Amino acid sequence: MKKMMLLCMVFAYSAGHLLIAGGTDKTIENLKAAFKGESTASAKYAAYAIQAAKDGLPQIATMFEATSRAEKIHAANHQAVLTKMGQKTDPGKIDGRKPSGCHHRGDI
């Protein structure tokens, strides 16, 4: 798992250097979609962790917390590449706030 995360970070960093000189509109669109998806996933898993902890399931809460952190790293990598390409992103999108449509107690 750690090797995969490191590989993803290296890829994202490398991609940023390769694409910094430009990039097609489609590439930028794809990166923005990936950033949004990873950010939303991070927030959802954080909410699931809170719910699992409230339900007295600390091991499951820990699993969701770790997954949330991994998704946040992915989002930050996409954000860094977009920034290097001159694109603006909202830094608040990866701070773990609940996204719209996030499930709550009774809906999980």
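Look at 82, 57 and count the other Cβ atoms within 10 Å of each Cβ; fewest to most, that gives 57, 82.
Based on Cβ point charges of +1 for Lys and Arg and -1 for Asp and Glu, what charge dipole magnitude is obtained for the range 43-90 about its Cα centre, in debye rounded to the nearest 20? Intermediate results must be reported in sequence, preceding the final value.
Numbers: 6 positive and 4 negative charges, 36 e Å.
For this selection, approximately 180 debye.
Residue-wise HN-Hα couplings along the range 70-82, as the Karplus relation 6.51 cos²θ - 1.76 cosθ + 1.60 with θ = phi - 60° gives them from phi, are 4, 5, 5, 4, 4, 4, 5, 5, 5, 4, 4, 5, 4 Hz; Gly and Pro carry x. The base-10 log of I(q)/I(0) for the range 43-90, evaluated at q = 0.28, 0.31, 0.33 Å⁻¹, reads -0.88, -0.98, -1.05 [Debye formula, identical scatterers on Cα atoms, solvent excluded].
Across the range 25-30, computed HN-Hα scalar couplings (Karplus, 6.51 cos²θ - 1.76 cosθ + 1.60, θ = phi - 60°) run 4, 5, 4, 5, 4, 5 Hz from first to last residue, x flagging Gly and Pro. For the pair residue 63 and residue 24, the difference between a 0.36 nm per residue extended length and the Cα-Cα distance amounts to 10.3 nm.
Just so you know, all these numbers are worked out from the coordinates, no wet-lab data involved. Predicted model only: the values in this text are computed from it and were never measured. Cβ: placed from backbone, ideal geometry, glycine included. Neighbour counts: every protein chain shown.
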